[in-house]
1. Relative to the Cα centre, what is the charge dipole magnitude of the chain, using +1 at the beta carbon of each Lys and Arg, -1 at the beta carbon of each Asp and Glu, and rounding to the nearest 20 debye?
2. Using a Förster distance of 30 Å, how high is the FRET efficiency between E78 and Q207, based on the Cβ-Cβ distance and rounded to 0.05?
3. Over all directions, what mean area does the Cα convex hull of the range 129-279 project, stated in square nanometres?
4. With r as the distance between the Cβ atoms of E34 and K122 and R0 = 25 Å, compute the FRET efficiency 1/(1 + (r/R0)^6) and round to 0.05.
5. With the other protein chains left in place, how much accessible area per residue, in square angstrom, belongs to the range 261-317 at a 1.4 angstrom probe?
6. What whole-number distance in Å separates the alpha-carbon centres of the range 1-75 and the range 187-227?
7. How are the C-alpha pair distances of the range 126-202 spread across 5 Å bins, as whole percents from the shortest bin up?
8. In what order, largest first, do H252, H157, H266, H217 sit by accessible area if the probe radius is 1.4 Å?
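The values are calculated or read from the model by the stated rules, or taken from the named source; none is laboratory data. Nothing here was measured: the structure is a model prediction, and the numbers come from that model. Quick reminder, even Gly has a Cβ in these numbers, built from the backbone with ideal geometry, and neighbours come from all protein chains shown. These area figures cover heavy atoms from the full protein model, side chains too; ligands, DNA and RNA do not enter into them. Shrake-Rupley method; radii C 1.70, N 1.55, O 1.52, S 1.80 Å.
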Amino acid sequence: MAENRLIDVNNLSVSFHTYAGEVKAVRGLDFYLERGETLAFVGESGCGKSVTAKALMRLLPEESAEIKPESKIIFEGEDVLSMKGKRLTDLRGGDIAMIFQDPMTSLNPTLTVGYQITEALKIHRGLKGADAKREAVRLLDLVQIPEAEKRLKSYPHELSGGMRQRVMISIALSCSPKLLIADEPTTALDVTIQAQILDLIRDLKEQLHTAVILVTHDLGVVANFADRIQVMYAGDIVEEGKTEEIFYNSRHPYTWALLNSIPKIHATKDEELRALGGTPPDLLLPLPGCPFAARCSRAMEICKTMAPQATNHSETHRSWCWLEHEYAGDIDWKFMREGGY
C-alpha cells in the first residue's frame with residue numbers, strides 16, 4: 001500500500017569511472033520497501049548489492065561514483081538525491097542507519113567504544129556528558145553486551161568479533177532509525193555467533209518497528225529472516241518475491257543455482273555440493289541480452305541478444321527470463337529447481 005511505503009527506488013543506475021572505463025555497477029533497479037518490512041538483497045560478490053545499499057544513503061565516493069540523473073530514490077516522499085547539508089546528515093544515521101560489513105575496519109581502532117557511540121548521540125540527538133554516557137550504556141545493554149558500563153572504556157581490538165558487531169548495531173540504532181541496512185552483518189563470524197546476531201537484529205526490529213534491508217550472498221541466512229527477497233546479478237534484479245515464493249517456487253536459473261549451492265541437512269556423504277561454473281560478466285562491457293546467459297545451460301540465442309521482460313507469477317513474485325516465454329516450450333520447473341538447470 002502506498003501510504004505504508006517507506007522508500008521507493010526507480011531506475012537506479014550507478015557507475016564508477018575508472019582508468020579502464022565506465023563500470024556500470026547498478027543498471028536501472030526498481031524496488032520498494034514497506035514500513036517495518038525486511039527486504040533481502042541476495043547475489044554473488046560484485047552483483048551490486050552493497051553499491052545499491054550505499055546509494056540509498058548517498059555514501060558512495062563522489063570522486064569516482066556517479067548516480068545517474070534518471071535515478072529516483074524517494075524516502076517518505078522526499079527526494080534523497082536532492083538532499084543537501086544538514087538534511088543529508090540527518091538522513092545518514094538518523095532516518096537510515098547502516099551496519100557495515102567488517103566492524104574491525106568500520107570502528108576506529110584509536111577510539112574507545114564509548115566515544116564512538118556517544119559521538120553519534122551528540123551529532124544526531126544533541127546528548128552530552130552524563131546523558132550521552134547513560135544512553136550509550138542503555139544501547140549496549142539493548143544489544144546484550146555484558147558489563148556495558150565497563151565496555152565503554154574498551155577499544156575495538158579488546159572485543160571479540162561478535163561483540164564488535166554488537167557495538168556496530170548499537171551505533172546504528174542510537175537514533176532509532178526508520179530503516180536499518182545490514183551489509184553482510186555476519187561475515188567472518190562463526191555460525192553460532194551468526195545466528196545470535198541475526199536473532200538480535202530480528203528482535204530489535206520488532207521492538208523498535210524498524211524496516212530492514214539485509215545484504216547477503218547466502219540465501220540460507222535469509223530463509224527465516226526476510227519478508228521479501230530480490231535476487232541480483234550483474235547490477236540488475238533477475239527475480240524478486242516473498243521468501244516462500246523464492247524458496248519454493250523460484251523461476252530463474254540463477255536463483256536455482258544459488259539455492260542448490262546451499263548444503264542440505266539431509267544430503268548423503270557421497271552427494272557433491274553443486275557449484276555454479278563460469279564467472280560474472282565484465283561490467284565495463286555492454287550487456288545486450290540476459291546477463292546470466294553465458295553461465296546458463298538453458299540459454300537460447302535470444303538470451304544473448306535481447307534482455308528478457310518481466311513475467312509476473314503473483315502480485316509479489318516476478319522474474320526476468322526467456323524460459324517463461326510461450327515459444328520456449330514446456331519446462332519441468334520442479335526438475336529445474338532441484339538441479340536440472
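1. So the dipole magnitude of the chain works out to roughly 1000 debye.
2. Approximately 0.70, to the nearest 0.05.
3. Its average projected convex-hull area is 11.8 nm².
4. Efficiency for this residue pair is about 0.20.
5. 74
6. Spelled out, the Cα-based centre of one part sits 21 Å from the other.
7. 3, 15, 27, 24, 19, 9, 3, 1
8. Accessible-area ranking of H252, H157, H266, H217, largest first: H266, H157, H217, H252.
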